[in-house]
Amino acid sequence: MIRTFALIRFDLRALLRERGTLLLLTASLLLALYGLFEGARFQQHLQAAHQGASSQEATARAAAQNLAARYFANPDDPAFAGLLYYRTPVDVRGYAFREHVGFAAMPALPGAALAIGLADIQPSYVRVRAESMASVKTAAEIEHPTRLASGRYDLMFFVVYLWPLVLLTLTASVLTQDRESLRLRSLLLQGVGAGHIVFVQAGVRSLLATMLLMMVVAGAAFSLGAVPFNGAGLSALGHWAGIVLLYSAFWSTVAIAVCAFCANRMSAAFAGFGLWLLFAIVIPAALDAVTRVAAPVPPRERYVQAMRDALDEVNADHASSLARFYDSHPEWRPKRTAPGAVSSNVSRLHRAQEIDRIMAGVESEFALAENARATFFARMSLLSPVSLANAAFADAAGNDRVRHHRFIAEVASHQGHLRDWFQDVIQRAALRDEQEPCSRTCLGGYGFRDFDAVPRFAASSALALSSGVSVRTWMLLAWACAFAALALIALGLERGRQRR
């Protein structure tokens with residue numbers, strides 16, 4: 001043990017005497033802080049957008065209530081002479097299909113600023129309309145494709161792609177420098193094994209650098225307010241730190257294997273960079289290509305054509321479809337109007353429901369194909385430590401695919417409830433108007449002022465919870481053990497050659 005501490009102390013003193021070590025660590029920490037700043041700034045903009053949407057919803061509702069109070073107090077006011085029923089909130093048809101403003105927002109997790117993940121291409125808030133989910137499905141098209149493809153620099157990018165280079169650089173001289181200076185022989189004569197040297201020195205260098213990174217990021221996260229200083233914030237940072245440790249352990253063992261195989265620092269540097277290219281660029285790209293071939297998604301053109309066919313089918317079957325609808329809902333059946341002659345504004349929601357019914361098979365096919373592709377890639381990502389780390393950081397921040405799909409599922413459920421609510425209100429208003437027709441919008445017919453009763457979205461408690469470290473993330477330890485075993489094999493072969 002004393003010999004081990006002496007070895008560590010000597011190595012750290014020699015490392016700190018090199019000015020390049022301090023410059024490398026300083027530059028690395030600055031890049032990490034910049035990544036944290038970018039993540040926090042993105043999250044602030046996102047929260048501002050959420051607040052703006054909530055404010056827009058509240059303002060629209062207050063304006064509608066004010067207009068309804070003035071209109072129903074004096075409908076003959078000249079100010080309302082040009083009022084169009086389909087462009088005013090005082091008429092339920094105009095409110096349901098045009099004037100209603102409702103948003104659904106996904107709550108941010110405490111560690112959201114630590115990894116942007118997929119948050120820049122998967123919207124965390126969407127406008128919800130009673131008629132259809134079209135506004136939600138197209139909400140992802142928020143930026144130019146080239147901007148989305150380039151991605152954003154954040155703390156996750158630094159840790160996943162740049163931090164391994166830092167660890168490889170810090171450990172490239174372990175054992176290789178001793179071989180070059182022929183000091184290794186004297187160390188071996190003193191009873192210090194090569195395996196002991198490379199595992200202790202490389203492990204301590206990587207561990208201390210990683211601990212420094214985690215402490216600096218944690219301090220900056222709390223001081224900048226990127227992570228709340230409470231139990232949830234501490235848990236989020238602990239989750240992030242655990243993933244950083246696992247990922248650093250993998251790259252530390254990669255560095256140990258490189259130092260065990262390479263005879264000098266130059267070859268170790270080239271080998272380390274080559275392995276970084278393999279794991280960070282080549283393998284993820286190959287996995288993506290294999291996934292696209294093995295789990296194809298139907299072309300977008302098929303969906304567009306299916307939608308056109310559904311519209312044609314609904315238009316051709318309009319009368320009989322409405323007859324079946326009123327047979328299922330006799331409480332809404334018109335007393336004097338034939339089902340086929342019902343106004344399009346009254347049957348509009350039913351028409352949307354029929355389109356959704358016809359499109360259900362195609363929607364399911366696309367959803368199953370996308371899920372199969374995601375599942376296949378998740379299984380294949382076991383072959384890519386970088387992909388595992390990317391997924392782990394995104395999961396910890398709550399900016400992952402699974403959580404976003406859960407959010408969209410809750411939005412779809414809310415949209416269905418909203419549609420059913422407006423359907424009931426419009427059908428009952430149509431019955432009243434049929435019995436006592438109004439020449440203008442009136443409370444006895446389509447008049448509407450119960451804005452507070454309209455359903456609003458409320459995220460479930462499950463969306464506010466962070467998932468723990470997944471089983472797949474622990475595969476980083478398996479990768480680390482594999483490279484540690486390679487290092488032991490290389491050292492064993494070297495020891496055998498020396499005995500000869």
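Can you find a residue in the stretch 464-479 that is modelled with pLDDT of 90 or more, among the β-branched types (Val, Ile, Thr) and over 27 Å from residue 348 (Cα atoms)?
yes
When 423, 427 are checked against the criterion of being touching a His at 6+ places or on another chain (Cβ under 8 Å), closer than 22 Å to residue 136 by Cα and assigned to a helix (DSSP H, G or I), 423 stands alone in meeting it. Would you check if residue 410 is within 21 Å of residue 295 (Cα to Cα), surrounded by fewer than 22 Cβ atoms within 10 Å (Cβ to Cβ) and touching a residue at least 40 places away in the same chain (Cβ under 8 Å)? Spelling it out, it is not the case that residue 410 is within 21 Å of residue 295 (Cα to Cα), surrounded by fewer than 22 Cβ atoms within 10 Å (Cβ to Cβ) and touching a residue at least 40 places away in the same chain (Cβ under 8 Å). Under the condition of being at pLDDT 70 or above and not in a helix (DSSP H, G or I), the residues counted in the stretch 1-28 number 1.
Considering (1) surrounded by 10 or more Cβ atoms within 10 Å (Cβ to Cβ); (2) of a type in the set (Asp, Glu); (3) modelled with pLDDT of 90 or more; (4) farther than 30 Å from residue 390 by Cβ, say which one residue 317 fails and leave the rest. With respect to (1) surrounded by 10 or more Cβ atoms within 10 Å (Cβ to Cβ); (2) of a type in the set (Asp, Glu); (3) modelled with pLDDT of 90 or more; (4) farther than 30 Å from residue 390 by Cβ, residue 317 is out only on (3).
Scanning the stretch 451-488 for residues that are part of a helix (DSSP H, G or I) and hydroxyl-bearing (Ser, Thr, Tyr) yields a total of 2. Counting residues in the stretch 110-129 that are farther than 27 Å from residue 356 by Cα and basic (Lys, Arg) gives zero. Cβ-Cβ contacts under 7 Å between residues 6 or more apart (or on different chains), taken from a first residue in the stretch 450-466 that is under 15 Å from residue 422 (Cβ atoms) to a second residue that is at pLDDT 90 or above and charged (D, E, K, R), are listed as 451/61.
Condition (residue is at pLDDT below 90 and either surrounded by fewer than 19 Cβ atoms within 10 Å (Cβ to Cβ) or closer than 22 Å to residue 205 by Cα (or both)) applied to the stretch 240-256: is it met by at least one residue?
Just the residues of the stretch 240-256 that are at pLDDT below 90, to begin with: none.
Looking for residues that are at pLDDT below 90 and either surrounded by fewer than 19 Cβ atoms within 10 Å (Cβ to Cβ) or closer than 22 Å to residue 205 by Cα (or both), one finds none in the stretch 240-256, hence no.
Please go through the stretch 44-68 and pick out each residue that is surrounded by fewer than 17 Cβ atoms within 10 Å (Cβ to Cβ), among the hydrophobic types (A, V, I, L, M, F, W, C) and either at pLDDT below 95 or within 30 Å of residue 114 (Cα to Cα) (or both). 48, 49 - these are the residues of the stretch 44-68 that are surrounded by fewer than 17 Cβ atoms within 10 Å (Cβ to Cβ), among the hydrophobic types (A, V, I, L, M, F, W, C) and either at pLDDT below 95 or within 30 Å of residue 114 (Cα to Cα) (or both). Among the residues of the stretch 417-448, the ones that are closer than 30 Å to residue 126 by Cβ and surrounded by fewer than 15 Cβ atoms within 10 Å (Cβ to Cβ) come to 4 in all.
Just one of the listed residues (300, 324, 333) is of a type outside the set (Gly, Ala, Ser), in contact with a Phe, Trp or Tyr (Cβ under 8 Å, 6 or more places away or on another chain) and without any contact (Cβ under 8 Å) to a residue 40 or more places away in the chain, and it is 333.
So, of the residues in the stretch 111-168 that are of a type in the set (Ser, Thr, Tyr) and closer than 30 Å to residue 272 by Cα, which turns out to be modelled with the lowest pLDDT?
In this case the residue turns out to be 150.
One residue alone among 383, 418, 443 is more than 30 Å from residue 83 (Cβ to Cβ) and aliphatic (A, V, I, L, M), and that residue is 383. Residues of the stretch 261-276 that are under 39 Å from the mean Cα position of the chain (by Cα) and crowded, with 17+ Cβ neighbours inside 10 Å: 268, 269, 271, 272, 275, 276. Among the residues of the stretch 95-128, just one is free of Cβ contacts under 8 Å to residues at least 40 places away in the same chain and in contact with a His (Cβ under 9 Å, 6 or more places away or on another chain), namely 123.
The values are calculated or read from the model by the stated rules, or taken from the named source; none is laboratory data. Because the structure is a prediction, the values reported are computed rather than measured. Here Cβ is always computed from backbone atoms with ideal geometry, including for glycine, and neighbour counts include all displayed protein chains.
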